[in-house]
Amino acid sequence: PKPTIVLLHETGGRKENWYSLARVMAKEGYGYMAVDFRGHGASQSPPPGLPANWRKFPAPTKASNEWNNLALDVDAAVEYLTSQNVPITSIGVGGADVGSSIGLKYAAVHNQMPFLFMLSPGMSYREILTVNAIRAYTKRPILLVVGADDNRSTRETAILYEFAKRSAGAENTQLITAEREHGTRILVVNKDIVRQILDWVESPVQSLEVPVESTGTPEGTTTSGGPDPLPSDEQLQAPGAE
């Protein structure tokens, strides 16, 4: 049977943003659950004392970040699917922008989940740091999709891609560079991307006889076997970091 994919939208998005992908998934027999994160779309009934809209979330701090709690919405989606006899070993995750950060952190600690794809990945969307999570992801397929005109995500995806190859393995790591756009807009504007993503879901492990696409080694890094030169989450939190 084909997998079921939990789809996690970007900041300010909603579940309907995944329509371009979901309609093809449905035709081809994939299961999916597109989630409205708390404070987004139809999720406007929060627990007492919490803001109803994402625009009113308190500014993130090291001690408290309401955006991290979006992972609880993923928990609820996965719990529902497993209650319907969908095994967690057949539930993948796809996310866009901050949804990709949440999806990565969730999959990193739920290693039964078989794969993850990320649209417009970032290292610190809404202060959700992803470097340590991608280090912890390990030995499962991961796909990164980025628009060539998306300057921030292109730069940060290059770094995350290098980490992913080390953590998941080069055979499990793939990068697709679309012509343009950010987040789920990539699916709408670049018409071939939906097909490429689903082809990857169908066969996510690559033969290493075929060169793995690379954005090159980010400035300041090395491919030697020496100490890891790429920044940690802690370094990202240093003064002056984005």
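The values are calculated or read from the model by the stated rules, or taken from the named source; none is laboratory data. All figures in this text were calculated on a predicted structure; none of them were measured in a lab. For neighbour counting, all protein chains shown are included, and Cβ atoms are generated from backbone atoms with ideal geometry for every residue, glycine included. Ligands, DNA and RNA are stripped out before the accessible areas are found, and what is left, the full protein with its side chains, is counted by its heavy atoms. Shrake-Rupley method; radii C 1.70, N 1.55, O 1.52, S 1.80 Å.
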Qualifying residue in the stretch 150-164 (condition: among the hydroxyl-bearing types (Ser, Thr, Tyr), under 21 Å from Ile5 (Cβ atoms) and open to solvent by 10 Å² or more (accessible area, probe 1.4 Å)):
no
Identify, please: which residue in the stretch 181-194 is of a type outside the set (Val, Ile, Thr) and more than 18 Å from the chain's Cα centre (by Cα) and is, among those, farthest from Gly13 (Cα to Cα)?
Asp192
Filter the stretch 50-68 down to residues that are open to solvent by 70 Å² or more (accessible area, probe 1.4 Å) and charged (D, E, K, R) and give me whichever is farthest from Tyr125 (Cα to Cα).
Lys56
On the given criteria, is Val109 within 17 Å of the chain's Cα centre (by Cα), farther than 19 Å from Arg185 by Cβ, open to solvent by 70 Å² or more (accessible area, probe 1.4 Å) and in contact (Cβ under 8 Å) with a residue 12 or more places away in the chain?
yes
Report whether or not Ile176 is at pLDDT 95 or above, crowded, with 22+ Cβ neighbours inside 10 Å and under 15 Å from the mean Cα position of the chain (by Cα).
no
For residues in the stretch 8-26 being of a type in the set (S, T, N, Q) and either under 13 Å from Gly94 (Cβ atoms) or at pLDDT below 95 (or both), which is surrounded by the most Cβ atoms within 10 Å (Cβ to Cβ)?
Asn17
Flagged in the stretch 179-206 as outside any helix (DSSP H, G or I) and either closer than 14 Å to Thr138 by Cα or modelled with pLDDT of 95 or more (or both), in numbering order, are Glu179, Arg180, Glu181, His182, Gly183, Thr184, Asn190, Val205
Kindly indicate which of Pro114, Pro58, Pro141 is modelled with pLDDT under 95 and touching a Pro at 6+ places or on another chain (Cβ under 9 Å).
Pro58
Breaking point among (1) under 19 Å from the mean Cα position of the chain (by Cα); (2) in contact (Cβ under 8 Å) with a residue 12 or more places away in the chain, for Tyr19:
(2)
Can you tell which of Thr184, Thr177 is under 26 Å from Gly41 (Cα atoms) and touching a Gly at 6+ places or on another chain (Cβ under 9 Å)?
Thr184
Name every residue in the stretch 69-106 that is in contact with a Lys or Arg (Cβ under 7 Å, 6 or more places away or on another chain) and open to solvent by less than 10 Å² (accessible area, probe 1.4 Å), in order of residue number.
Leu70, Val98
Kindly provide the set of residues from the stretch 31-49 that are part of a loop (DSSP other than H, G, I, E, B) and open to solvent by less than 30 Å² (accessible area, probe 1.4 Å), ordered by number.
Asp36, Phe37, Gly39, His40
